[in-house]
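Quick notes on the structure that follows.
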Amino acid sequence: MVSVQRHLAVLRSALQPGETERLWIRAERSERSHAGALLLTDRRLLFSGLGFVSQSQEAWPLTIVSGVRVTPAGLELQVLGAPEAFIGKPKDLERFAALLPTTAATDASVADELERLVRLRDSGALSPAEFEGAKRRLLE
């Protein structure tokens, strides 16, 4: 079993120049049952986890994270409108959620959301690959 410290080392090695670590917690990504570490920086939310037969490493710009809430089931949020959920110690999840953006998911039209994605891409908050993935999910 890989320790949470190993996951944290992987996440820290992925930090961009000038990016500042804010908080990390031990967490499990609910949908995939991957246990590992969730790291919050001043720019992104990162996760590294390992399941029985697979692993996941994700990095999401904070500008695309919304609908953050802590429930009895864990930490729930939206990433470009797609649900993500994490399980962990309730106290840790509450501290983590308090630092995440609190923008509630909106009922913006597809055109409005596409314009927002273009602005994020043009500002550098989204890479071209992230933009294409988000656009594809939006238009599905």
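The values are calculated or read from the model by the stated rules, or taken from the named source; none is laboratory data. Every value quoted in this text rests on a predicted model; they were computed, and no experiment measured them. Note that we place each Cβ from the backbone using ideal geometry, even for glycine, and neighbour counts take in every protein chain shown.
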Quiz prompt | Criterion: part of a loop (DSSP other than H, G, I, E, B), within 22 Å of Ser13 (Cβ to Cβ) and in the same structural domain as Leu11 (by TED's automatic domain parsing) - qualifying residue of Arg32, Arg26 | solution = Arg32
Quiz prompt | The listed residue being in contact with a Lys or Arg (Cβ under 6 Å, 6 or more places away or on another chain) and free of Cβ contacts under 8 Å to residues at least 24 places away in the same chain, out of Glu76, Glu21 | solution = Glu76
Quiz item: Going by the conditions given, is Ala14 surrounded by 14 or more Cβ atoms within 10 Å (Cβ to Cβ), hydrophobic (A, V, I, L, M, F, W, C), out of contact with any Asp or Glu (no Cβ under 8 Å at 6 or more places or on another chain) and closer than 22 Å to Phe131 by Cβ?
Solution: yes
Exercise. Kindly indicate whether Leu40 is of a type in the set (A, V, I, L, M), surrounded by 14 or more Cβ atoms within 10 Å (Cβ to Cβ) and touching a Leu at 6+ places or on another chain (Cβ under 8 Å).
Key: yes
